[in-house]
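All of the numbers you see were taken from the coordinates with simple rules; none came from a lab. Values in this document were obtained by computation on a predicted structure and should not be read as measured data. We place every Cβ from the backbone using ideal geometry, glycine too, and count neighbours over all the protein chains shown.
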Amino acid sequence: MTFASPTTPAAPGPDPVPATLTLPAPAKLNLFLHVTGRREDGLHLLETVFQFIDLQDDITLAVDPTGTISRTHDPEGVSEADDLTLRAARALKAATGSPLGARITLTKHIPMGAGLGGGSSDAATVLLGLNELWQTGLSRNQLIDIARPLGADVPIFVHGQNAYATGIGDVFQPVSLPEYWFVLLMPHVHVGTAGIFSAPELTRNTKPLTIQGFTALAGQTLAGHNDLQPVVKARQPLVRHAIQLLSQAAQRVSSDSVAKRHKSDITVRMTGSGACIFAASQHKSTALALLQEVSQASQKNVVAGQTPNAERITMRTEFGTLFLVRGLASHPLGSRQVG
Ligand SMILES: C[C@](O)(CO)[C@H](O)COP(=O)(O)OP(=O)(O)OC[C@H]1O[C@@H](n2ccc(N)nc2=O)[C@H](O)[C@@H]1O
Ligand SMILES: Nc1ncnc2c1ncn2[C@@H]1O[C@H](COP(=O)(O)OP(=O)(O)OP(=O)(O)O)[C@@H](O)[C@H]1O
């Protein structure tokens, strides 16, 4: 795939001042995830709602006029060949023929292999940022065409709006979501997506809920379910434990006075292919009560260094990392001018 660049990029000069951008790459949750079929190429047809959340990586991009694409970070266990930030930059360069390069610095906060789409979001932010710095002028839809081969979750982050999605998770319709607060519990285990999708026991014929069905049911409880959850739960004792822990704490909180006052249900569910489990509530006070309830179940919980404000709390406990995060109305780059 190639796209002609509408503007001529600046020629490398003898003493260039590199342009830089620092941009966010937020995580996502799959509020539900239905596997509705399988394509001939083996990829699965999905039905899901993507919700961006206030937990993000940070990426600094500096133009390299020599044309080299390099990284200054060294994410644990991710080789240069696999690094989605480098792969995204190379894909954009190949598609546009830009003579420019980039030095990429990634500061990771989103846990890896969590089902939170961290690597995919990093790739999307690199595509959006370098499209600007290299002045390659592609539209969001053109960037989505480059995003698709990088991974099934990359297009939603380029799209930039919470969405009801079908196809392989790359056909979007706008969806209006209430404000959600989430307690995330990330057990100390990494789940590989391919292994879960290829499980013989996976249900692959869930009847679609449809966007109307989702909206009609969008009361206090989250509609739908995650078809990948029973597979991961059966294979990963730590995920099983995390679901049990959050569900029991949610039951205790739901029966107490704060939650009763709000008539607030808490939905506990896995995101993506795991391992992260979330508990969703439409009330911050309920989410805070739940966070406290779960952390009290831990003998040695330690509040992590960066606890920036009451909107985003991170705690490390012996059974995993706990986060309190807000659902975002859209991706932080969702209204940025592209092209
Ligand atoms: C589970 C989700 O996170 C839901 O949003 C995504 O579908 C997964 O997205 P991702 O992590 O970007 O996954 P990819 O790296 O594209 O795919 C990993 C592997 O999962 C399987 N896969 C992925 C997506 C899909 N719709 N059908 C699949 O069967 C394929 O075997 C693929 O090789
Ligand atoms: N920049 C990156 N950040 C994180 N992981 C990366 C990156 N580049 C490549 N990867 C690889 O991608 C794998 C999946 O990472 P990621 O954090 O996207 O998982 P995930 O949240 O489970 O994804 P998904 O929700 O899309 O299934 C990692 O194990 C790692 O090998």
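Worth pointing out:
- Among Ala280, Ala289, Ala88, the largest mean-square fluctuation in a Gaussian network model of the chain (Cα springs under 10 Å) belongs to Ala289.
- For peptides 50-58, 189-197, 76-84, 316-324, sequence by mean Cβ density within 10 Å, most packed first: 50-58, 316-324, 189-197, 76-84
- Using C-alpha pairs under 8 Å with a sequence gap of at least 6, the mean separation divided by the residue count of the chain gives a relative contact order of 22 percent.
- The aspartates and glutamates whose alpha-carbon is closer than 17 Å to the alpha-carbon of Lys233, local same-chain residues fewer than 8 away aside, are Glu201.
- Here the Gaussian network model covers the chain, with springs between Cα atoms less than 10 Å apart; of Phe278, Phe172, Phe157, Phe172 fluctuates the most.
- The overall shape of the chain is prolate: from the C-alpha gyration tensor, with semi-axes ordered a ≥ b ≥ c, the ratio a/c is 1.5 or greater and a/b exceeds b/c.
- Sorting Val268, Val183 by the number of Cβ atoms found within 10 Å of their own Cβ, with the fewest placed first, yields Val268, Val183.
- What separates the Cα centres of the range 179-209 and the range 110-142 is a distance of 23 Å.
- Ordering Met186, Met112 from the fewest to the most neighbouring beta carbons within 10 Å gives Met112, Met186.
- Calculated [222 nm] ellipticity per residue, helices only, for the chain: -8500 deg cm²/dmol; basis is -39500 (n - 2.57) per DSSP H run with n ≥ 4, divided by all residues, nearest 500.
- Neighbour-count ranking [beta-carbon atoms within 10 angstrom, fewest first] of His225, His188: His188, His225
- Neighbours of Asp227 by Cβ distance under 13 Å: Lys/Arg scored +1, Asp/Glu scored -1, total +3.
- Dipole axis of the range 20-172 (+1 Lys, Arg; -1 Asp, Glu on Cβ), positive-most option in Thr36, Thr107, Ile144: Ile144
- Percent antiparallel among DSSP beta bridges (both partners in the range 20-172, rounded to 5): 90
- Taking other residues whose beta carbon is less than 14 angstrom from the beta carbon of Ser120, and scoring Lys, Arg as +1 and Asp, Glu as -1, yields -2.
- Charging the Cβ of each Asp and Glu at -1 and of each Lys and Arg at +1, and nothing else, the dipole of the range 20-172 about its Cα centre rounds to 260 debye.
- Net charge, Leu150 excluded, C-beta distance under 14 Å - Lys, Arg +1, Asp, Glu -1: -2
- Less than 5 angstrom separates the built amide H of Val191 from those of Ala275, all sequence-distant by 5 or more or on a different chain.
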